Structures are given as structure tokens and as C-alpha cells.
Amino acid sequence: MRRAAAALAIAALAGVGAGVAWAQQGPPPPTPIPVETLAVAERLRDQALEQDEAYEIVEDLTTRVGPRLAGSEAEQRAIAWAVAMLRERGFENVRAEPFTIPFWMRLYDRGQVLGPNAQPLVMTALAGSPSTPEGGLEGELVRFESLAALEAATAEDIAGRIVFIDEPTIATMDGSGYGMAVRRRGLCAPLAQARGASACVIRSVGTHNHRFAHQGGRPRQADGANLPAAAVSPSDADQLTRLMALGPVRIRLEINVAMSEDAPSANVVGEIIGRERPDEIVLIGAHLDSWDQGTGALDDGAGVGVVTAAAELIGRLPRRDRPARTIRVVLFGAEETGIWGARAYAAAHAAGLANHIIAAESDFGARRIWRIQTRFGEGAISHGRALQAALQSLGITQGSNTANGGPDLAPLREAGVPVVDLTQNGIDYFNYHHTPDDTLDRIDPMELRQNVAAYAMFAYLAAETGWDFRALRAASSTAEAP
Ligand SMILES: [Zn+2]
């Protein structure tokens, strides 16, 4: 480990000093980072690469609390766990900021093929689905190869039947295949109901061939729909398609759910208070809630571990090395059912958003970070280049200035807060995402260390340098360094 850290440190120097390489990529060059500041950042990196605090946090959360559905009693336990955990790890101003959400929870869900080929289906109810009538709901399947095909269909094709959308999800490193596929999860029910269907079933939004069904959705269906809706595993979707080639297929769905209007949730906040500018906030976040089939290790226990461990490392610096600005860790509640926590945070802190200097969220699993993207003012792109140069020793490349910042940062981004994506390799993320297979054993502790190192360097540099990431025009580089 020590040898690796030394090699990384040399690579860092090469990266930061490589003015020639930057010049080849064209202007603007990276803003210079003061030598002492970079030295502290590199010390944080080396410490992060030799410890498993993040892994221990995910292990504790996924073991003691387990699944923690938004608005449930389990999420309340997760909130209490997070408050205690942040206090124990030395964070300041630790608190839960409560809000309420519309609640949906599946109590049981079962499906089966009826008739001469009778067999069970592996499926899960989609959020927002109502319960089926006593004894279940039976109907004949009508298959569509895509959401677009369902949109083009009429009631004549569908009325009284169970719509089945069998559209694949493409695996990509940046998760773009998910973005394309996920629309069917929310739109199947309203489109099918408008055409007289009795229920809707989708091929899971997932990129694997294991026999797990992927959860997801909002606590209430779109457009006022109220139609039983479920996702079958990709293997079961293939099986249904083969069965349909033999003749008409009838299935039975049994779904029982609980719903309520004002379920409690909360965001959990902890801070490392800044040495000189305590009111200026560098926010690093993740979400605390998860779906209920797995234990939410990748989504998003890993993020909770990464941002907490990164900030804790900074909090353990000697007083004189504490960064100038405050680092605020926000563990958002109720992300999965509609970024409720993110919206509650933006509303509660609306008056202080101008003091949110920059924000980043870890919510894409636990694999290595390979790229940094920013969404800065034009005049701050050189700061983004400087951050990348510092992170280059961790194998992190430069992306564009079109970052999204993660789901829970959407309201902040829309309010003009500069955001960063520390993009993880998501090539297999949607194999596990929202399934029973999202468990601790999917996490490689060494990859998690690299994530902590990247977040610690990023948060420290953003908090210490005094850079203005909203800047529309570049300041002169010498005047820039504090
Ligand atoms: Zn997530």
C-alpha cells in the first residue's frame, strides 16, 4: 500500500506540473494551487488510500438497519443511526431536518403464468401500484417491444388485457442506457390505463440476465393513474416472450400495498466548520434511504460511506490545516421515491443557497471514479482543470462542463449552485440497482478507498482555495490564490 501511495504521489506531481500537456489541450490552464494546500490534499489522499472507514460505515448501515424504504419505520432507524454515527465521528452541528412525504410500500407481490404452461414469475410491484382485488387479478398479456409501440397502440389492441413492455436496457459506463429505459417504469401505468388495460408489466430496468426484478417509481402514479403495475426479471421477460410465441398467455398478479399521505422522513446533516469562512458551504452528499429488496449497499450506502469518510478525514486535520470554508455532509432522505429530501433541503435552505459554493453527490455505486465533470461559470473552468490535475494521480480524467451533480443536487443546480460529478464506473451498476442483489458483498473495499481519496481531495481543495465557481469571467491567476 505504501509503495502504491508513493507512486501515486509522484504521478500527482507530474500531473500538476504538466503545463505542456495542458497547453496542448488549449486554454484555459488550471488555476495554480498553492504548494502547501496541495500538500495537505495529497496527505488526505494517501490516508484515504490506506483506510476502510467508508466500507465500515456501509457495513454498519446495511447490517444494523438493512433496507430503509423512504417514509418507513426502517428509514427512521436509519436517520437515528446517521445522527449518532456523525456525532461519533466528530462532526459538528449534527441534526436531522424532518419533512413529510406521500408513502407507498409493498406488503407482498406475486405473479404466475396460468394454464397449460403454469409457472411462477419473479416480479416486484412498482411504486405507486395499487393493490389488486382479493385473490389477484388475471388477464391475457399483450406485448409491446417498446414504450413508443405502446404509445402508438389504441384501446382496441389493449382493452381488458395486461400490457407487457419488453424493452431492453443498454449497459453503458455512464448510465445513459438507464436514462433511456427508465421512462417505461413511470409511463407504463398511465399509458396502459388510458387504453383500457387491466394492469401493466414491464421488463425490469436492469442490464443483467439474473433472475431479479428491479424496483422503482414514485409513491403515486403519473397523471392520476391507479393501475396495478409490476416489473418482471429480465429472465422472466424472455420466458414470457417465448411462451407468447406458443399462444396466448394469461397471468395472475397479486399485489398488496400500504399507502399513507404524511409519512415522516428527514435529511441528516453534519459539518466540519470552516476556519475562516464558516458561512460558505462546500456540500458533499449521498442518500440514506433505499429500496426494500436488497440492503441498499451500492444505492446508496456506498455514497454515505464515501462522503462521510472523506469529510471525517478533513475534520481530523490539525486545527491550523482545517480548510477555510465549511464542509457540509448531507445524507438526504427519501431520494428513491422522488428526491423528496433534496427538495425539502432546497426549500429549507433557500435563503442560504447563495452561500453554497459548490456541491457533489455520490450516488452511482462503489466502483472507481474515472472522470471529473463540472458545471461552473465560464470564468471558473480553470478551477475545474486544477481540480482534475490534482485528482489525476487517482486515475481521474477531465470531462466536460455539463455535470448534473447527482439526483439530490438537481434543485440546487437549478438554483445556480455549481456542481461537480466525480463519475464512477457504472458499467455493472444496473445489474444490481434496486434488486435483492444490492448487498455489501458487491463492494470492493479498495475501489471505495479511491472514492474517498477523490472526495477528500475535492472537498478540501474547494473549501481551502477560496475559488469562486460561479465566476463568469476569469480572475488573473496570481490574484486568485489566497
Ligand atoms: Zn441512489
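FYI, it's all coordinate maths here, none of it is from the lab. Small disclaimer: the values here were computed from a predicted structure and weren't measured. Methodologically, a virtual Cβ is constructed for each residue, glycine included, from the backbone with ideal geometry; neighbour enumeration extends over all protein chains shown.
Observations on the model:
- Computed over the range 105-259, relative contact order equals 39 percent, with contacts defined as Cα pairs under 8 Å that lie 6+ residues apart.
- Taking I162, I273, I33 and counting other C-beta atoms within 10 Å, the order from fewest to most: I273, I33, I162
- Packing rank of 281-294, 423-436, 391-404, where each peptide gets the mean count of other beta carbons within 10 Å, highest leading: 281-294, 423-436, 391-404
- Taking the square roots of 5 times each eigenvalue of the Cα gyration tensor of the range 105-259, largest first, gives ellipsoid semi-axes of 20, 18, 17 Å.
- P(r) tail, the chain: Cα-Cα pairs separated by more than 40 Å, 25% of all pairs.
- Model label points for E36 and T402, set 7 angstrom from Cα along the Cα-to-Cβ axis, are 4.1 nm apart.
- Computed from the C-beta positions of E73 and I427, the FRET efficiency with R₀ = 35 Å rounds to 0.50.
- The range 179-248: relative contact order as a whole-number percent, Cα under 8 Å and 6+ apart: 36
- Virtual spin-label span in nm between E276 and A118, 7 Å along Cα→Cβ: 7.6
- Normalised by 2.2 N^0.38 Å, where N is the number of residues, the C-alpha radius of gyration of the range 189-279 stands at 1.69.
- Convex hull per residue volume in Å³, alpha carbons only, for the range 292-401: 145
- Order of D174, D299, D408 - criterion: other Cβ atoms within 10 Å of each residue's Cβ, fewest first: D174, D299, D408
- Estimated distance in nm for a label pair at L137 and R183, the labels positioned 7 Å out from Cα along Cα-to-Cβ: 2.4
- DSSP bridge orientation in the range 105-259 - percent antiparallel, rounded to nearest 5: 60
- With contacts taken as Cα pairs under 8 Å at a separation of at least 6 residues, the chain carries a relative contact order of 23 percent.
- Ranked list, fewest to most other Cβ atoms within 10 Å of each Cβ, for R242, R95: R242, R95
- Remark: the range 108-189 projects, on average over all directions, an area of 6.9 nm² (convex hull of Cα atoms).
- Length gained on full extension, A350 to E56: 102.5 nm, using 0.36 nm per residue less the C-alpha separation.
- The calculated FRET efficiency for the pair M173 and A148, based on their C-beta separation and a Förster distance of 30 Å, comes to about 0.75.
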